[in-house]
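Right, one structure below, let's go through it.
The values are calculated or read from the model by the stated rules, or taken from the named source; none is laboratory data. Keep in mind that what you see is a predicted model, and the values were worked out from it rather than measured. Here the Cβ positions follow ideal geometry from the backbone for every residue, glycine too, while neighbour counts run over all protein chains shown. Note: areas computed on protein heavy atoms with side chains; ligands, DNA, RNA excluded. Shrake-Rupley method; radii C 1.70, N 1.55, O 1.52, S 1.80 Å.
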Amino acid sequence: MTHSFVLKNGTIVNEQTSIEGDLAMTDGRISQVGGTATGLQELDVNGAWILPGMIDDQVHFREPGLEYKATIATESRAALAGGITSYMEMPNCNPQTINNTRLLEKHDRAAARSLANYGFYLGATNDNLEDIKSVDRFMACGVKVFMGASTGNMLVDDPATLEGIFASCPLLIATHCEHTPTIQENEEEARKLHGSNPPPELHAEIRSAEACLRSSTMAVDLAKRFGSRLHVLHLTTEVELDLFQPGPLESKRITGEVCIHHLYFDDSWYARKGADIKCNPAIKRPEDQRALQQALVDDRVDVIATDHAPHTRSEKDQDFLDAPAGLPLVEFALPCLLELVKSGTLSLETAVAKTSHAPATLFNVKERGFLREGYWADIAVVDPNLDTDIDKTEIRSKCGWSPFSGLTFSTRVTDTFVNGVHMYSNGRFQSEQCGQALEYDR
């Protein structure tokens, strides 16, 4: 059989195995995994890693309403350059994505301008419970609940509303867990002592482990009481990990996610990076970082994502307490994560499982996230012998800066395929074909 496109002589990493061989694509789908294949087009990757494209279950692409920071077009390009072939985008834009009409509007925008595949969350507020109950289960990846104040003023803090959401939401509930009153008290004390520009490392004390634990405990208790499907986003603390059980993802009703910057940075980086690594929840102690890394190995934490959330350079250059929280991450997230593979902290197979297999399984994504014959050909090729020097690499996120400036990672995403289309190769985009809406087996 002659295939449309063949990646020759790669290391194919999939479902906890790595094999040497070819991977073939035909009509947008994977048509052969392993062995030797012949294609109308062929690319010899010379031993590079052939991975399923990352499915990022948490991004903020800022459209509509905040296009001065980012757009679906710019951030999906950055994502592809970083090996992310599908993303799930958050609802705290303007207007907020809080009903089926606005979900459809987002889908229409992405269909016209997103180079990567796309999914969108419905957002919860204190007064849209009926919209949550009637959400189109095939148009939303899940329902996002801000149980701590963050960008976009979507805090859900009414106990009756929270109970209603956990009792009746027909989709996975994804939560941002921080206890707002605790944070407000901590920030008030910091302002009394330091004004608007405290030492950056105080961010980890303002957005404290206590604030995280109080909120995540509430979310887990609600999920257990109502039998909800709960996914706690961006875990940052060792003390929260006891809320989650190790074991296979398929057997869990309560799952957790960790973000790449919380795996790579700890609070010692604040002195060097300042507001460039200010995020919510905060980057915390080395002990927390190591515990999160081990929780991935133990299958206590299930998904690795980015929480890509760009802001302009001028916004980040304000006094520390006034600077917004959030980092642009998608373009260099995979090379950053693979530093943990190179150091022996994670196996390559585990990294692939947490970035591709797990989000596909968790959100019931149809025919993506694995290198299987018949599945859509969403693929990242990573050369383990080429460096990514951030300061010598074009920044494709619209904000134009990276929290990884000054760093060099020891791998490089060389090629990306979306739905079998060769979209990106060695720093250049090969196609402007738009991605597809994620479909869900529900």
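Just to be sure I understand, how many residues within region 55-76 are surrounded by 24 or more Cβ atoms within 10 Å (Cβ to Cβ) and within 20 Å of Arg428 (Cβ to Cβ)?
The total comes to 2.
Does region 390-433 hold any residues that are acidic (Asp, Glu) and within 20 Å of Leu329 (Cα to Cα), and which are they?
So the first thing to find is which residues in region 390-433 are acidic (Asp, Glu), and the list is 391, 394, 415, 432.
Scanning region 390-433 gives Asp391, Glu394, Asp415.
Does region 80-96 contain at least one residue that is closer than 24 Å to Cys434 by Cβ, polar (S, T, N, Q) and part of a helix (DSSP H, G or I)?
Checking region 80-96: not a single residue is closer than 24 Å to Cys434 by Cβ, polar (S, T, N, Q) and part of a helix (DSSP H, G or I).
Take the conditions farther than 30 Å from Leu235 by Cβ, part of a strand (DSSP E or B) and not hydroxyl-bearing (Ser, Thr, Tyr) and apply them to Gly39. Does it pass?
yes
I'm trying to understand the selection: among the residues of region 297-342, which are out of contact with any helix residue (DSSP H, G or I) (no Cβ under 6 Å at 6 or more places or on another chain) and among the small types (Gly, Ala, Ser)?
Ala305, Ala309, Ser314, Ala325, Gly326
Please determine, by comparing only the residues of region 222-269 that are open to solvent by less than 10 Å² (accessible area, probe 1.4 Å) and of a type in the set (Phe, Trp, Tyr), which one is nearest to Ala358 (Cα to Cα).
Phe244
Could you please let me know if Phe120 is under 22 Å from Ala360 (Cα atoms), touching a Lys or Arg at 6+ places or on another chain (Cβ under 8 Å) and either charged (D, E, K, R) or buried (at least 19 other Cβ atoms within 10 Å of the Cβ) (or both)? Step through it out loud before you land on a result.
Working: under 22 Å from Ala360 (Cα atoms): yes; touching a Lys or Arg at 6+ places or on another chain (Cβ under 8 Å): yes; either charged (D, E, K, R) or buried (at least 19 other Cβ atoms within 10 Å of the Cβ) (or both): yes.
Considered against the rule, which asks whether it is under 22 Å from Ala360 (Cα atoms), touching a Lys or Arg at 6+ places or on another chain (Cβ under 8 Å) and either charged (D, E, K, R) or buried (at least 19 other Cβ atoms within 10 Å of the Cβ) (or both), Phe120 comes out as yes.
Tally time: how many residues in region 1-34 are surrounded by fewer than 19 Cβ atoms within 10 Å (Cβ to Cβ), among the polar types (S, T, N, Q) and under 26 Å from Thr350 (Cβ atoms)?
Summing the residues that are surrounded by fewer than 19 Cβ atoms within 10 Å (Cβ to Cβ), among the polar types (S, T, N, Q) and under 26 Å from Thr350 (Cβ atoms) in region 1-34 gives 5.
Within region 311-325, is there a residue that is buried (at least 24 other Cβ atoms within 10 Å of the Cβ) and hydrophobic (A, V, I, L, M, F, W, C)?
Looking through region 311-325, none of the residues is buried (at least 24 other Cβ atoms within 10 Å of the Cβ) and hydrophobic (A, V, I, L, M, F, W, C).
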